[in-house]
Amino acid sequence: MSKPVKQIHLAAHFPGVNNTTVWSDPAAGSHIDFSSFVHLAQTAERAKFDFLFLAEGLRLREQNGEIYDLDVVGRPDTFTVLAALAAVTDRLGLAGTINSTFNEPYEVARQFASLDHLSAGRAAWNVVTSWDAFTGENFRRGGFLAQEDRYQRARQFLTAAWELFDSWRGDEIVADKENGVFLRDPNPGRFDHHVSEFDISGRFDVPRSPQGRPVIFQAGDSEAGREFAASAADAIFTRHGTLEAGRAFYADVKGRLSRYGRSHDELKILPGVTFVLGDTDADAQEKAQLIRRQQVSGQTAIRRLEQVWNRDLSAYDPDGRLPEVDPLVGEHTVARGWASVRMHRDPVAVAAEWRALAEAGNLSIRELVIETTGRQTFVGTPDQVAEKLNEFVQTDAADGFILAPHLTPGGLDEFADTVVPLLQERGVFRSEYEGETLRDHLGLAPVRRAAVAS
Ligand SMILES: Cc1cc2nc3c(=O)[nH]c(=O)nc-3n(C[C@H](O)[C@H](O)[C@H](O)COP(=O)(O)O)c2cc1C
């Protein structure tokens, strides 16, 4: 029997000012004006996307003690943005990244239940454990939780939030005007939750929302993160955006589901990806090169190098050769708050690899950084990109994509106008929304009560 054709899920990542965007392009707009959010959201909805996605940055990243202004310079608050977008969209899902390390379940559950009400069932929560002590200094709880503790807190946080969401069944409010009865059940919302991280009880004050619970996303990549996702998430936002890495990741996390009594389709794998479109393949490749050069200025190249080397390398010429000196191992003092720093877990090995690459290709610092960091995922004509996206999904490297355009806010327009119709023609992407809620768009069954892995 041949495999059924899978439908592709598509989402739009509001990119802001980031290392994937080009703020200096004449067509780039504000990353903070509401009109920019509206533009991207309405384009995504016009193209029948599943949802709009917001990442969360809780502290401005620094380099040599200064804010690094080619990176995310200020992201407005997730709930405020998503609530406002609920009012200017009808069907588009609204997904927000909110960490479980510095918040409390009661306030986060209230916020998501409220967003789910205001949007008529379109809310999603990307549960992340967030970064390091540097990020945590902003918060009253402050400081750093070791990785094991962060995931323990995340599991307990989500379980507590679920108890709050489920504390209302959904049929308590009758508002019977004739008989003067507002509540059928005088006792909704009760919760009582006592675990090592939370000792809370009371009544949850937001009645059951349209989806029951927001759709749950997860975005950590460690063993603990993957297990957390397999036990509890409806979707994963992943960085594994190549065919090979995507397939390996997909098989790995889907393989974990049966341990939790869950089926293959209950967890969607959605890599964050970029795209560059052109009239011809050569045109697209040329554009992609240009965008990479815009994204990695000489100054940016040195900064990216410093993130591996953990040394001030400002005296180096970006068009010159890599430093002979090795990275400083230990606590990172030069670049703070960066995901990429945390990913280079063995900086000396990374430096050796980069030196070998630079030598083999006779690359300058800037050329090497362009080569090794953040290559575009899908580059080609709309037809080529549609074909490639479909190949990823049909061969189980992904269930769909969270697209990060390189321009804010108009970077999705061309994709919506050219690639989406081609996917629709191929019968792998919807032409109209079929359901009302985000859960419907993602093909997820209605909420059933489940346990997070302990
Ligand atoms: C694709 C991806 C996106 C992430 N986005 C965010 C984010 O927007 N905000 C945040 O605080 N952490 C984000 N994280 C970080 C996670 O919160 C987590 O702290 C980090 O990945 C460490 O967990 P891990 O070791 O399981 O990967 C992201 C992680 C991944 C893999």
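The values are calculated or read from the model by the stated rules, or taken from the named source; none is laboratory data. Everything numeric in this text was worked out from a predicted model, so none of it was measured. Counting neighbours? That spans all protein chains shown, and the Cβs are built from the backbone with ideal geometry, glycine included.
Things worth noting here:
- The set of residues in the stretch 283-296 being under 19 Å from Gly320 (Cα atoms) and loosely packed, with under 15 Cβ neighbours inside 10 Å consists of Arg293 alone.
- Output for the stretch 188-245, where each listed residue is among the β-branched types (Val, Ile, Thr), more than 10 Å from the ligand (Cβ to nearest atom) and either outside any loop (DSSP other than H, G, I, E, B) or modelled with pLDDT of 95 or more (or both): Val195, Ile200, Val206, Val215, Ile216
- Qualifying residue in the stretch 324-343 (condition: at pLDDT 95 or above, assigned to a helix (DSSP H, G or I) and surrounded by 20 or more Cβ atoms within 10 Å (Cβ to Cβ)): no
- For the stretch 29-46, filtering for residues that are farther than 15 Å from Ala404 by Cβ and buried (at least 21 other Cβ atoms within 10 Å of the Cβ) leaves 1.
- Index of the failed condition, Gly121 passing every other in (1) at pLDDT below 95; (2) crowded, with 17+ Cβ neighbours inside 10 Å; (3) away from the ligand (no atom under 16 Å from the Cβ); (4) not hydrophobic (A, V, I, L, M, F, W, C): (1)
- Selection within the stretch 39-57 - outside any strand (DSSP E or B), within 13 Å of the ligand (Cβ to nearest atom) and in contact with a strand residue (DSSP E or B) (Cβ under 7 Å, 6 or more places away or on another chain): Ala55, Glu56
- Every residue from the stretch 266-295 that is under 22 Å from the mean Cα position of the chain (by Cα) and either within 16 Å of the ligand (Cβ to nearest atom) or not aliphatic (A, V, I, L, M) (or both): Glu266, Leu267, Lys268, Ile269, Leu270, Pro271, Gly272, Val273, Thr274, Phe275, Arg292, Gln295
- Verdict on Gly427 being small (Gly, Ala, Ser) and out of contact with any Gly (no Cβ under 9 Å at 6 or more places or on another chain): yes
- When restricted to residues that are among the small types (Gly, Ala, Ser) and under 18 Å from the mean Cα position of the chain (by Cα), the stretch 355-413 contains 6.
- Pairs with Cβ under 6 Å, 6+ apart, first in the stretch 180-197 and over 22 Å from Ala109 (Cβ atoms), second not acidic (Asp, Glu): Val181/Val174; Phe182/Ala175; Arg184/Val174
- Scan of the stretch 377-391 for residues that are buried (at least 22 other Cβ atoms within 10 Å of the Cβ) and under 9 Å from Thr418 (Cβ atoms), ordered by number: Val385, Ala386
- Candidate set: the stretch 76-91, residues that are among the aliphatic types (A, V, I, L, M) and more than 16 Å from the chain's Cα centre (by Cα); chosen: the one surrounded by the fewest Cβ atoms within 10 Å (Cβ to Cβ): Ala87
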